[in-house]
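The values are calculated or read from the model by the stated rules, or taken from the named source; none is laboratory data. What you see is a predicted model; the values in this text were computed from it and never measured. Note: ideal-geometry Cβ built from the backbone for every residue, glycine included; neighbour counts use all protein chains shown. Surface accessibility is based on the protein's heavy atoms, side chains included, excluding ligands, DNA and RNA. Shrake-Rupley method; radii C 1.70, N 1.55, O 1.52, S 1.80 Å.
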Amino acid sequence: QQTLEKKLLAGGVDYIIAHHPHVVQPITRPTVMRPDGPYTGLIAYSLGNFVSGQRDRYRDRGIILYLTFEKSPAGRVALARTQYLPVYVQRGNSNGRVQYRVLPVSPDLTPSSDIAISSEARKRMRQVEEELKAHLETVEAGVTLLKVAP
């Protein structure tokens with residue numbers, strides 16, 4: 001993957017957003033040489049699960065990735081901010097059927113759902129938030145938690 005990503009970035013690909021391992025993986029900002037000089041791209045190795053019946057730790061969550069671009073007066077477009085919003089996949093019962101909900105996880109929000117959220121699920125949501133923050137927010141990547149208005 002690392003050999004391929006460097007070839008893709010050097011060849012003109014700016015951002016790589018990947019998936020499949022069912023867990024959130026790091027986001028990196030590698031620098032490669034291009035004909036016009038060094039270029040720093042962005043690679044999100046895996047956004048985890050968005051909707052899934054997998055209940056294992058690290059597989060009951062995912063992220064929504066927000067890339068904010070700005071255009072300079074000269075017309076050059078560049079990545080200005082990289083933010084993420086953790087999500088937790090809630091599993092519950094409603095009308096005798098198993099139901100799933102994707103719930104945003106943020107210190108700015110009180111979780112709510114049309115399915116009762118158990119105390120165990122609330123605890124997991126706090127754990128998801130803490131683990132993803134420790135996993136994703138690195139100085140090198142410049143990735144931050146999206147601030148959500150309640």
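Residues in the stretch 16-45 that are touching a residue at least 12 places away in the same chain (Cβ under 8 Å), in a strand (DSSP E or B) and either surrounded by 14 or more Cβ atoms within 10 Å (Cβ to Cβ) or in contact with a helix residue (DSSP H, G or I) (Cβ under 9 Å, 6 or more places away or on another chain) (or both): Ile16, Val24, Ile27, Thr28, Val32, Met33, Arg34, Tyr39, Leu42, Ile43, Ala44. Of all residue pairs spaced 6 or more apart or on separate chains, those with beta-carbon atoms under 6 Å, a first member in the stretch 96-123 that is in contact (Cβ under 8 Å) with a residue 40 or more places away in the chain and of a type outside the set (Asp, Glu) and a second member that is open to solvent by 80 Å² or more (accessible area, probe 1.4 Å) and in a strand (DSSP E or B) are Tyr100/Arg91.
Only residues that are in a loop (DSSP other than H, G, I, E, B) and open to solvent by 40 Å² or more (accessible area, probe 1.4 Å) were counted across the stretch 46-67, and they come to 9.
Considering every residue within the stretch 34-49, establish whether at least one is among the hydrophobic types (A, V, I, L, M, F, W, C) and closer than 25 Å to Asp108 by Cα. The answer is yes, given that some residue of the stretch 34-49 is among the hydrophobic types (A, V, I, L, M, F, W, C) and closer than 25 Å to Asp108 by Cα. Scanning the stretch 90-116 for residues that are assigned to a strand (DSSP E or B) and touching a Lys or Arg at 6+ places or on another chain (Cβ under 7 Å) returns Gln90, Arg91, Val98, Tyr100.
Taken as a whole, the stretch 124-131 holds no residue that is in contact (Cβ under 8 Å) with a residue 40 or more places away in the chain, within 18 Å of Val24 (Cβ to Cβ), touching a helix residue (DSSP H, G or I) at 6+ places or on another chain (Cβ under 9 Å) and of a type outside the set (A, V, I, L, M). Checking Leu103, Leu136 one by one, the residue that is at pLDDT 90 or above and either more than 30 Å from Thr40 (Cα to Cα) or surrounded by 12 or more Cβ atoms within 10 Å (Cβ to Cβ) (or both) is Leu103 and no other. Restricting the stretch 79-95 to residues that are surrounded by fewer than 16 Cβ atoms within 10 Å (Cβ to Cβ) and at pLDDT 90 or above, the residue that is farthest from Tyr45 (Cα to Cα) is Ala80. Selection of the stretch 117-133 for residues being part of a loop (DSSP other than H, G, I, E, B) and either of a type in the set (Ser, Thr, Tyr) or open to solvent by 90 Å² or more (accessible area, probe 1.4 Å) (or both) yields only Ser118. Residues in the stretch 1-15 that are in a loop (DSSP other than H, G, I, E, B), open to solvent by less than 70 Å² (accessible area, probe 1.4 Å) and not small (Gly, Ala, Ser): Val13, Asp14.
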